[in-house]
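A short worksheet on the structure shown next.
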Amino acid sequence: MSGDNVWLLGTYMTKFGRHTDVDLIDLASESAIGALEDGGVTIHDIQVLGCGSLFNAQAGVGQQLQKQIGQTGIPVYNVANACATGATAMRTVYLTIKAGEADMGLAVGVEQMGKGGLLGAGGKGDRGRKEYKPSGRYGSVMQVEGVLGTGLMPGVFAQAGMEYAYEHDGVGFEQFAKVAEKNHAHSTLNPLAHYQKEFTLDEIMNAEMMSYPNTLLMCCPNTDGSAAAVLVSEEKLRTLSNEQQARAVKISASVLTTDPWTERAQVQPDVNTLTRNAAQKAYDISGVDPKDLDLVELHDCFATAELIHYDNLMLCEPGGAGEFIDKRGPWRDGETPVNVSGGLISKGHPIGATGIANIYEVATHLRGEAGDRQIEGAKVGLTHVIGLGSACGVHILEKPAQVRR
Amino acid sequence: MGKQIPIVDYLVIDEGSPRLVAWEAVESGALFFDRRNADAKSGTKEFRRKQLADEGVIRSFTIVQRGVPGVPVPYVSALVDLDGGGSVKANLLNCPPDPEHVKLGMRVRMTTFVAGTDDDGTEAIAFAFEPAA
């Protein structure tokens, strides 16, 4: 056996939602302290801190957090990797333990987004005197959003989904809407989700259209929240109490990929190739087959995104994502439950926290501690996030009967 | 009529019909609309200009109903695979912006329109696509 496995010892997520009465560091502190307590350890056991907060990437959030929970002089890595920021913080700690520099570490993801509006607009403002002068790598003279197509998030992911519909039969507005129907239904069992309200397929399809085929109820909300995880080396875990060992969850794969060059990606991000690459690598490393998965938390920033990731993560037959949702494969009582937390669509998407929140969700099921939404007998699960630009994080978690000695 | 300037430099509007011109990596054939330091496919540094076709098919689209301030909605954003290579994103014009009329796989051709006028009266010319008859 490999003696250098890394395990999850403790984890915590705050309630996701609008937290106007606390600040970013309050949220990070709550999840960090929560994860430490959950793991039965203290900040003095922690030898490395990975911290992800995308919109505050230059604010030294990790160090700000230390000042609230314990300044012990350990290395802090403040990471930013778009929507894969949380997964990157997690993996930074994982790698440090793998490298033998630490035997225990803490990963924290946090974001306070407020009512952030549509993300992805960027570009040139029209302030002051208007004079068209080419600038930037495209020699553009004005903001091109809405003039040369759209780069807004609901539209980017709508186009990613419609591209799949172009390539495969049996995929359309209704299949995409069914994804949101499922995730809203799942969220009613998750007290930590931003929204916990079920909607009918009709209500979802008739909600305000944002960017066809994504209606408002098929888009993730801007959310505040934080999640954290304590990771430990296998060697260290063996020295901890029976209860700590019994609740520990093995991290069987931790993978990060970026997008390799593909023809169309310069105009429409290719969210498929890097996800497929990450998934394949994670399955290879862990020896887990997609069919073995008891649950999956994947990056459903929009309903159109979730559908294509069924295929990218190999949860369905190639090209069969439409059929997979039609036969309720990803529902909690289906073939491979997907986003039983409610997913980003309903649970919310505090960007820096998301990649650790999905670890929290899967680990909680593997421990048999997910309450009303528990997937009975769950032994292995996968988490996936993707950040445009692009970065993809995939983790596979397993619950062996006991820590091998 | 005042001056005109292309909205982006890969749209060429001087002499002849408006056309898209990309950077083609000599080694790999990869196409880029922006200036690149090296080819993202092969890592080599040699590029040449390549004129792209003005017709193609809609590979994907979305109909934007909520966009940025100042841009009228709804509009169709389409990903177009051009005949002979190259993919581009642009708006679809002269087609009702609803899923009954915009179809995946629909043949389209490039057109141009005035996207704005600056304080010197210079018009920004943008490209778009419209259904090919």
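We did not get these values from a lab; they are worked out from the coordinates using the rules stated. If you're wondering where the values come from, they're calculated on a predicted model, not measured in any experiment. Cβ atoms come from the backbone with ideal geometry, glycine included; neighbour counts cover every protein chain shown.
Considering only A:Asn358, A:Asn242, A:Asn56, the Gaussian network model of chain A with Cα springs below 10 Å gives its largest mean-square fluctuation to A:Asn242. Converting the Cα gyration tensor eigenvalues of segment B:4-131 into ellipsoid dimensions via √(5λ) gives semi-axes, longest first, of 26, 20, 14 Å.
Considering only alpha-carbon pairs that sit under 8 angstrom and 6 or more positions apart, the relative contact order computed for chain A is 26 percent.
Distance between the pseudo-spin-label points of A:Glu376 and A:Gln196 (7 Å out from Cα toward the beta carbon): 2.3 nm. With the charge dipole of chain A set up from +1 on Lys and Arg Cβ and -1 on Asp and Glu Cβ about the Cα centre, the Cα lying farthest toward the positive end among the listed residues A:Ala185, A:Thr20, A:Thr336 is that of A:Thr20.
Counting only whole DSSP H helices of chain A, the ones at least 15 Å long by C-alpha along their axis and with mean Kyte-Doolittle hydropathy no lower than 0.5 are A:24-39, A:351-366.
A cut-off of 5 Å between modelled amide H atoms, ignoring neighbours fewer than 5 places along the same chain, links A:Ala84 with A:Gly387.
Spin-label model, A:Glu369/A:Lys327: points 7 Å from Cα along the beta carbon direction are separated by 3.6 nm. Around the Cα centre of chain A, unit charges on the Cβ atoms of Lys, Arg, Asp and Glu (plus for the first two, minus for the last two) sum to a dipole of about 960 debye.
Of the GluC sites (Glu not before Pro) found in segment A:120-212, those in coil by DSSP whose Cβ has at most 16 other Cβ atoms within 10 Å are A:Glu131, A:Glu198, A:Glu208. Largest first, the three principal axis extents of the alpha carbons in segment A:231-281 are 53, 16, 16 Å in whole numbers. As a rough footprinting exposure proxy, the listed residues A:Glu306, B:Glu123, B:Glu15 were ranked by other beta carbons within 10 Å of their own, and the order from fewest upward is B:Glu15, B:Glu123, A:Glu306.
Across segment B:41-49, computed HN-Hα scalar couplings (Karplus, 6.51 cos²θ - 1.76 cosθ + 1.60, θ = phi - 60°) run 8, 10, x, 7, 10, 9, 10, 9, 7 Hz from first to last residue, x flagging Gly and Pro. Between A:Glu317 and A:Asp23, the C-beta separation translates, for a Förster distance of 60 Å, into a calculated FRET efficiency of about 0.80. Shown is the FRET efficiency for B:Arg49 and A:Asn242, computed with R0 = 60 Å from the Cβ-Cβ distance and rounded to the nearest 0.05: 0.30.
Averaged over the residues of B:53-64, the number of partner chain Cβ atoms lying within 10 Å of the residue Cβ comes to 6. Counting only Cβ charges, +1 for Lys and Arg and -1 for Asp and Glu, the dipole size of segment B:4-131 around its Cα centre is about 540 debye.
By the count of neighbouring beta-carbon atoms within 10 Å, fewest first, A:Ser233, A:Ser211, A:Ser135 end up ordered A:Ser135, A:Ser233, A:Ser211.
Largest first, the extents of the alpha carbon coordinates of the protein assembly as shown on the three principal axes equal 81, 49, 49 Å.
Per residue, chain A reaches -10000 deg cm²/dmol at 222 nm when only DSSP H runs of four or more residues are counted, each adding -39500 (n - 2.57).
The string of couplings for segment A:14-21 from the Karplus curve (6.51, -1.76, 1.60, θ = phi - 60°) is 6, 4, 8, x, 9, 10, 8, 9 Hz, one whole number per residue in order, with x for Gly and Pro.
Pairs over the 32 Å Cα-Cα cut-off, from the set A:Lys347/A:Lys399; A:Lys98/A:Lys178; A:Lys281/B:Lys103: A:Lys98/A:Lys178; A:Lys281/B:Lys103. Enumerate the residues in segment A:304-339 having an amide nitrogen under 16 Å from the point lying 7 Å beyond the Cα of A:Lys291 toward its Cβ. Answer for segment A:304-339: A:314-318, A:335-337.
Ordered by the count of other Cβ atoms within 10 Å of each Cβ, fewest first, A:Asp23, A:Asp294 give A:Asp23, A:Asp294.
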